[in-house]
Amino acid sequence: EAITVQELANRMAARGGEVVKALFRMGVMATLTQTIDADTAELVVNEFGHRVRRVSEADVEQGLEGVVDTDEELLPRPPVVTIMGHVDHGKTSLLDALRKTDVAGREAGGITQHIGAYQVTVEGGQKVTFIDTPGHAAFTAMRARGASVTDMVVLVVAADDGVMPQTIEAIHHAKAANVPLIVAVNKIDKEGVNLDRVRNELLQHEIVVESLGGDTMEIPVSATKAMNLDKLLEGILLQAEVLDLKANPMRAAEGTVIESKLDKGRGPVATVLVQRGTLRQGDLVVAGAEWGRVRAMLDDKGRQLKEADPSLPVEILGLSGVPSAGETFVAVENESRAREISEFRQRKLRDKQAAAAGAARGTLADMMARVAAGEQKEVAVVVKADVQGSAEALGVTLNKLSRDEVKVRVLHSAVGQITESDIQLAKASNAIVVAFNVRATAQARELAQREGVDIRYYSIIYEVADDVEKLVRGKLAPVQ
Ligand code: GDP
């Protein structure tokens, strides 16, 4: 009644390292080739948001069943898009403008509800889902909880302002998440804008747009004048085709919580994005550690729905409490199952809080264990420095520390104090934060403490190199 970690990962179509990590968080140290018992495997499977069905004793022997979808079951689903970019470059305006292009909404005449995400139907019937919380903080916060929601990022760059610090940050967040990017050069209605300047600035950050021979789509738009929105949507759908996005609608629903709140009249309300399966009114769901029967389901036009298929964001009512954004939800067959999963998740949450309260050593301890066990092939670093020269020098120095077995990857290197966004990025990618002659904001420190992200302070470059080298060898002592 056992299964190897690798086999379990294969059956869930998950990465081996992710399963090792999940086990590690549960206090089980196992390498890919080691076997774990069926009960432990079941907990892991639930953690990954899948359902477990032990059909017979023979089945238990094989571990789990019914996890992987076959090719025939997989049908195309709409892309899920997040809009990122520098402040004031037009993210909100673009989200509003795109929303107005919805042909289905026009017919139905519903009233716009801001539920955290919306779906538009374009001419011809294809659909696109937009996450309505602009900015990379939300994007990375979700990723930090293990949720991969976004299929692609639309990077908004104001033509009159060009690439700015948060544009660069957004590029790094998208790259760290391995999500393709489409550039929307906004405000082209303004006098004397220079698209070539924007293109060259992007080039300096390794974003090569098509007109310069690269493969990043670039679409000039105006959010306020509603120019080229159709072209942007076309571009998104083209990218979606390349990504070959599919999901099986014929199974119990699974997905991610996008937003949630406690509503005075309606009780706990959560906006969830269905990612696999079909969610139905009356379904029993577990969202994070909360559970309940879906009493009502509403779309972004406030219309009541009976069903929601993959990539559709819906507001659900009926949960016992308010789950956090980024947590997964899954429809289950009965109440005892719902309780079981919810209790396991609550236990895990308590363990995590206890661990974080002990010391901010989560990421590092985790990373060290995996490097030492040969499970981790990469040490990721976020660098913040007081001056550009130091940031660059650190980037070069750190990259040189890569070895065959373990690579050093600088996710983001910039000038300025450490912000919550840096911590989110580090958390999402299991990175450490190197602070070179800079400090962290109070909020960032608090978040790092809570999430177990390691911030290391330095003022001498070779000391950074020294520590990261030790990390690469799996031999650095955690900060107490
Ligand atoms: P965000 O901070 O990125 O969400 O930016 P906003 O959407 O709030 O836009 C910032 C400012 O730029 C607002 O005053 C908008 O009216 C203006 N703006 C946004 N898009 C355009 C555009 O396409 N053309 C022009 N001229 N102004 C725009």
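Among beta bridges from DSSP that stay inside the chain, the antiparallel ones total about 55%. Stretching the chain fully between Q443 and A373 yields a gain of 21.8 nm (0.36 nm per residue, less the alpha carbon separation).
Database remark: amide H of A296 closer than 5 angstrom to the amide H of L317 (H placed geometrically; neighbours at sequence offset of 5 or more, or on other chains; Pro and chain starts carry no H).
For the chain, the equivalent ellipsoid derived from the Cα gyration tensor has semi-axes of 34, 33, 20 Å, listed largest first.
Among M227, T129, A373, which residue has its Cα positioned farthest towards the positive end of the charge dipole of the chain, with +1 placed on the Cβ of Lys and Arg, -1 on the Cβ of Asp and Glu, and the dipole taken about the Cα centre? Among M227, T129, A373, the one farthest towards the positive end of the dipole of the chain is A373. So how far, in whole Å, is the C-alpha centre of the range 164-217 from the one of the range 290-306? Distance between centres, Cα-based: 38 Å.
Using a cutoff of 8 angstrom between alpha carbon atoms and counting only pairs six or more residues apart, the relative contact order for the chain works out to 13 percent. Take 424-430, 413-419 and order them by the average number of nearby Cβ atoms within 10 Å per residue, most first; the result is 424-430, 413-419. Taking all protein chains together, T33, T278 sort by accessible area into T33, T278, largest first [probe 1.4 Å].
Roughly speaking, to the nearest percent, how much of the chain's 1.4 Å accessible area is carbon and sulfur?
Details: 10400 of 21440 Å².
Here it works out to 48 percent.
Computed about the Cα centre, the dipole magnitude for the chain is approximately 1140 debye when only Lys and Arg (+1) and Asp and Glu (-1) carry charge, each at its Cβ. Give me the net charge for the shell around F436: Cβ to Cβ below 14 angstrom, other residues only, Lys and Arg +1, Asp and Glu -1. Neighbourhood net charge equals -3. With 27 Å as the limit on Cα-Cα distance, the pairs of K21/K127; K91/K190; K231/K427; K225/K264; K100/K306 that go past it are K21/K127; K231/K427; K225/K264. Toward the positive end of the charge dipole of the chain, with +1 on the Cβ of Lys and Arg and -1 on the Cβ of Asp and Glu, the farthest Cα among I418, S93, Q6 is that of I418. Taking a point 7 Å out from the Cα of N399 in the direction of its Cβ, the residues of the range 193-217 whose backbone N falls within less than 16 Å of it are 203-208.
Over the range 416-468, with the other protein chains present, what is the accessible area per residue in square angstrom, probe 1.4 angstrom?
41
Cross-link reach is defined here as a Cα-Cα straight distance under 16 Å, omitting same-chain residues fewer than 8 places apart; for K377 the aspartates and glutamates meeting it are E18, D366, D404, E405, E469.
Per-residue ellipticity at 222 nm computed for the chain from its helices equals -11000 deg cm²/dmol, with DSSP H segments shorter than 4 residues left out and the rest contributing -39,500 (n - 2.57). Rg and Dmax of the range 237-289, based on Cα coordinates, read 14.2, 44 Å.
Length gain on complete extension for the stretch Q34 to R293, per 0.36 nm per residue less the alpha carbon to alpha carbon distance? If you can, show how the numbers build up before the last one.
Values: separation 259, 0.36 × 259 = 93.24 nm, distance 3.82 nm.
Full extension from Q34 to R293 adds 89.4 nm.
When exposed loop sites are taken as GluC sites (Glu not before Pro) in a DSSP loop with at most 13 other Cβ atoms within 10 Å, the longest stretch of the chain clear of them is 207-332. Accessible area per residue for the range 214-254, computed on protein heavy atoms with a 1.4 Å probe, is 50 Å².
Among the trypsin sites (Lys or Arg not before Pro) in the range 148-193, those located in a DSSP loop and surrounded by at most 16 other Cβ atoms within 10 Å of their own Cβ are K190. Taking all protein chains as they are arranged and a probe of 1.4 Å, the heavy atoms of R339 leave approximately 110 Å² accessible to solvent.
The values are calculated or read from the model by the stated rules, or taken from the named source; none is laboratory data. Note that the coordinates shown come from a computational prediction; the quantities given were computed from them, not determined experimentally. So basically every Cβ, Gly included, is an ideal-geometry build from the backbone, and we count neighbours across all protein chains shown. Note: accessible area is taken over every heavy atom of the protein model, side chains too, but ligands, DNA and RNA are not part of it. Shrake-Rupley method; radii C 1.70, N 1.55, O 1.52, S 1.80 Å.
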